[in-house]
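Before any comments, here is the structure.
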Amino acid sequence: MRRSLFCWMAGFLLLAGVSGAESIPAKLTLGGGRVWSGELLGRDGDWIEFQKSGSRKPLRIGASTVKKIDFTVNVDAKKISALMRDRNFADAIRLLKLAISPFSAYSDVPSNLTRYNLLLMELLYQAGDYEASLEISSKIAEDTKDDSTYKRKAIVYQILALVDSGQKEKADEALAAHGWDQLPPDDASAERLYITAKVLMGKGEYQKAIELASKVVAFYSQDPDWAQPAELLCAELYIKLGRYESAEEVCREISIFYKDTLESDAAKRLKIKIEKLRAQERLKESLKSGEA
């Protein structure tokens, strides 16, 4: 999951600075394949004020007739990448929101902002703001008609946010709506296996969940986006099953192989949790012995 954030940074985020001017340079794609370059001057309800390049007279265009708007989005890619490496998601989110905020009046029109919103969706999820992440992922999953990469990614994070925020019934509904409510086949994608494992853990089906999470680790080890969180999930499931030594071994491996990651941070917290659980069990055994 995190690798995709860095790849996107390298691939399409530009240099720093969003223009504060009222007009916004943009390219409009209209019906019939017509493409106009110029500036967006403002929004008046269902109408968009647009001035074509080289024209002196603005045009009023129905928003519903615009097939796509291509904006020039400028953000400080190096700064956001550094913040992400430091797991400072709050500031990364703030910078990204600042970059796309000038275009909020046109959020109902298809545009090249989808990929930026997907990035924001991931950052919000990593920051634990599941409701805000869910709002974005649900909108993209609903608005994107084709089975595109964007839509599939949105569905993944929609379900993850529902599961992690404790909305189990809605997670099941989303799985069913997208045809993911059956156990995945052996050749299923890493994210499908991982999501199903998370859902099963929420239902208390720990053994089935750990089998799927283990498949991600075994078959998708070269994909850190899913192998790393799947390995952490295995540790959590071992704890649920009371297999503390296995959980500690997984945490140790995470600390060695995934240093300075979200998973290594979480593994440290799991080790502390295991120590507390063991202390509680020793106390119970001591109390039982005293009663005997």
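The values are calculated or read from the model by the stated rules, or taken from the named source; none is laboratory data. The structure displayed is predicted, hence computed values, not measured ones. Backbone-built Cβ (ideal geometry, glycine too); neighbour counts: all protein chains shown.
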In region 200-218, the residues that are within 18 Å of residue 163 (Cβ to Cβ) and touching a Cys at 6+ places or on another chain (Cβ under 7 Å) = 210, 213
ask   = Are there any pairs with C-beta distances below 8 angstrom linking a residue in region 263-291 that is among the hydroxyl-bearing types (Ser, Thr, Tyr) to a residue that is surrounded by 10 or more Cβ atoms within 10 Å (Cβ to Cβ) and in a helix (DSSP H, G or I), with the two at least 6 apart or on different chains, and if so which?
value = 264/254; 264/255
message = Being assigned by TED's automatic domain parsing to the domain that holds residue 127, over 30 Å from residue 260 (Cβ atoms) and in contact (Cβ under 8 Å) with a residue 24 or more places away in the chain: is that true of residue 164 here?
response = no
message = When you scan region 211-219, do you find a residue that is under 18 Å from residue 261 (Cα atoms) and in the same structural domain as residue 265 (by TED's automatic domain parsing), even just one?
response = yes
task = Check residue 124 against each of (1) assigned to a helix (DSSP H, G or I); (2) at pLDDT below 95 and name the one condition it does not meet.
result = (2)
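Within region 65-73, does at least one residue satisfy the condition of being assigned to a helix (DSSP H, G or I) and surrounded by fewer than 19 Cβ atoms within 10 Å (Cβ to Cβ)?
The first filter runs over region 65-73 and keeps only residues assigned to a helix (DSSP H, G or I), leaving 65.
Restricting the remaining residues to those that are surrounded by fewer than 19 Cβ atoms within 10 Å (Cβ to Cβ) gives 65.
Yes, region 65-73 contains at least one residue that is assigned to a helix (DSSP H, G or I) and surrounded by fewer than 19 Cβ atoms within 10 Å (Cβ to Cβ).
On the basis of being at pLDDT below 95, more than 22 Å from residue 115 (Cα to Cα) and assigned to a strand (DSSP E or B), does residue 54 make the cut? Outline the logic, then answer.
Working: at pLDDT below 95: yes; more than 22 Å from residue 115 (Cα to Cα): yes; assigned to a strand (DSSP E or B): no.
For residue 54, the condition - at pLDDT below 95, more than 22 Å from residue 115 (Cα to Cα) and assigned to a strand (DSSP E or B) - is not met.
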inquiry  = Checking the structure you have, find out if any residue of region 163-171 is at pLDDT below 90, crowded, with 17+ Cβ neighbours inside 10 Å and not in a helix (DSSP H, G or I).
reply    = no
